[in-house]
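A.B. asks: Please read through the structure below; I'll follow up with questions.
The values are calculated or read from the model by the stated rules, or taken from the named source; none is laboratory data. Quantities reported herein were computed from a predicted structural model and do not represent experimental measurements. Counting neighbours? That spans all protein chains shown, and the Cβs are built from the backbone with ideal geometry, glycine included.
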Amino acid sequence: MVRVMTIAVLTLALAGCKQPAAKARITQFKVTPSFLPTGISGKLCYGVENAVKLELNPPVEDLRPASDRCIDITPARTTTYTLTAWGADGGPGSEDKKSIEVRVGAPPPRLSDLAASSTNIKRGASVRVCFKVENAKSVSAKPGRLDRKTNCLIDYPRKTTTYKISAFGPDSEQDSGTVTVKVRR
């Protein structure tokens, strides 16, 4: 019985019976970074095995099967990309499909040029702490009173004081900085 089965299997193999084509497999599909400020480019990277055809939806550029490849993307709004890879026979069940979402929004807040008019003053003298800010929904300054028209605060510290400025973006992102003013007697 075993000999008959072995002969049957060998006969089929020798008669040219083909093994089924390997199914396509997506080995990686990622975006760097996963959040893109509006107008900024990112990288969409993919890798596939046993694929003869690829499709990216929405389309960005023609894709070719590769084990490790990245393309530039600059979506105008939050977008879900779907990668489909087909195996050699192209029939149903030979494909693999993966999706990834790229969030797009306002750029994060950026605080820069934070400086005090002097970092060493006499007790009761005034100090002016100023800064530049971009993409902020709101700004806070502690201690002291902030003038948002000039992005400065004026204070009369009686002891050494550290001023903290924080800029907050529309999606709760934050950028902060500090400057310390030493007060002498």
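A.B. asks: Taking the criterion of being modelled with pLDDT of 85 or more and out of contact with any His (no Cβ under 8 Å at 6 or more places or on another chain), would at least one residue in the range 11-18 satisfy it?
C.D. replies: No, there is no match, as no residue in the range 11-18 is modelled with pLDDT of 85 or more and out of contact with any His (no Cβ under 8 Å at 6 or more places or on another chain).
A.B. asks: Provide a single number: the residues in the range 76-129 that are closer than 22 Å to Pro170 by Cβ, touching a Phe, Trp or Tyr at 6+ places or on another chain (Cβ under 8 Å) and in a loop (DSSP other than H, G, I, E, B).
C.D. replies: Qualifying residue count, the range 76-129: 1.
A.B. asks: So in the range 62-104, with the set limited to residues that are touching a residue at least 60 places away in the same chain (Cβ under 8 Å) and hydrophobic (A, V, I, L, M, F, W, C), which one is surrounded by the most Cβ atoms within 10 Å (Cβ to Cβ)?
C.D. replies: Ala85
A.B. asks: Now for a different question. Taking the range 39-60, which residues are at negative phi and outside any strand (DSSP E or B)?
C.D. replies: Within the range 39-60, the subset at negative phi is 40-49, 51-60.
If the condition is that a residue be at negative phi and outside any strand (DSSP E or B), then Ile40, Ser41, Ala51, Val52, Pro58, Pro59, Val60 are the ones that fit.
A.B. asks: Does Ala24 count as of a type in the set (A, V, I, L, M) and either farther than 26 Å from Asp171 by Cα or surrounded by 14 or more Cβ atoms within 10 Å (Cβ to Cβ) (or both)? Walk me through how you get there before you give the answer.
C.D. replies: Details: of a type in the set (A, V, I, L, M): yes; either farther than 26 Å from Asp171 by Cα or surrounded by 14 or more Cβ atoms within 10 Å (Cβ to Cβ) (or both): yes.
Against the criterion (of a type in the set (A, V, I, L, M) and either farther than 26 Å from Asp171 by Cα or surrounded by 14 or more Cβ atoms within 10 Å (Cβ to Cβ) (or both)), Ala24 qualifies.
A.B. asks: Of all residues in the range 61-75, count the ones that are touching a Leu at 6+ places or on another chain (Cβ under 7 Å), in a loop (DSSP other than H, G, I, E, B) and among the hydrophobic types (A, V, I, L, M, F, W, C).
C.D. replies: 1
A.B. asks: Now a separate question. Every residue in the range 136-174 that is part of a strand (DSSP E or B) and of a type in the set (Gly, Ala, Ser), please. Spell out the reasoning first.
C.D. replies: Start the filter on the range 136-174 by keeping residues that are part of a strand (DSSP E or B), which leaves 138-142, 145-147, 152-155, 161-168, 174.
Passing the criteria: Ser138, Ser140, Ala141, Ser166, Ala167.
A.B. asks: Name every residue in the range 28-48 that is hydroxyl-bearing (Ser, Thr, Tyr) and surrounded by 13 or more Cβ atoms within 10 Å (Cβ to Cβ), in order of residue number.
C.D. replies: Let us first name the residues in the range 28-48 that are hydroxyl-bearing (Ser, Thr, Tyr), namely 32, 34, 38, 41, 46.
Across the range 28-48, the qualifying residue is only Tyr46.
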